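Everything below concerns the one structure shown next.
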Amino acid sequence: ADLRRPKEILAHPEITGLLDLDRPVALLLVAVLHFVEDADDPRAAVAELRESLAPGSLIVLTHASYEGIPLPKEE
């Protein structure tokens with residue numbers, strides 16, 4: 001699925017046929033957000049997915065970072 005298109009994800013027949021989003025589910029966004037450019041507004045995409053979840057649902061989200069890792073010096 002294309003995380004930049006959350007409406008399409010939520011409306012896809014495989015999703016609607018498998019998951020009942022009126023009941024709590026777990027949404028796993030593991031090792032995916034760092035592939036979405038800032039210009040594609042990943043925050044809005046995640047917010048839209050989050051807002052579609054029933055109360056009691058869980059979101060697991062990871063994101064790669066260079067924080068604390070020294071970067072090689074440019075030559």
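Please treat every number below as a calculation from the coordinates, not as lab data. If you're wondering where the values come from, they're calculated on a predicted model, not measured in any experiment. Please note: Cβ atoms are built from the backbone with ideal geometry, for glycine as well, and neighbour counts cover all protein chains shown.
Calculated from DSSP H runs of 4 or more alone, at -39500 (n - 2.57) each and per residue, what is the 222 nm mean residue ellipticity of the chain, nearest 500?
Per the formula, -8000 deg cm²/dmol.
Can you give me the angle between helix 42-52 and the longest principal axis of the chain, using Cα atoms only, in degrees from 0 to 90, rounded to the nearest 10?
For helix 42-52, the angle is close to 20 degrees.
Using +1 at the Cβ of each Lys and Arg and -1 at the Cβ of each Asp and Glu in the stretch 6-61, identify which of Ile9, Leu61, Ala39 lies farthest towards the dipole's positive end.
So the residue we want is Leu61.
Please list the radius of gyration and Dmax for the chain, considering alpha-carbon atoms only, with Å as the unit.
15.5, 54
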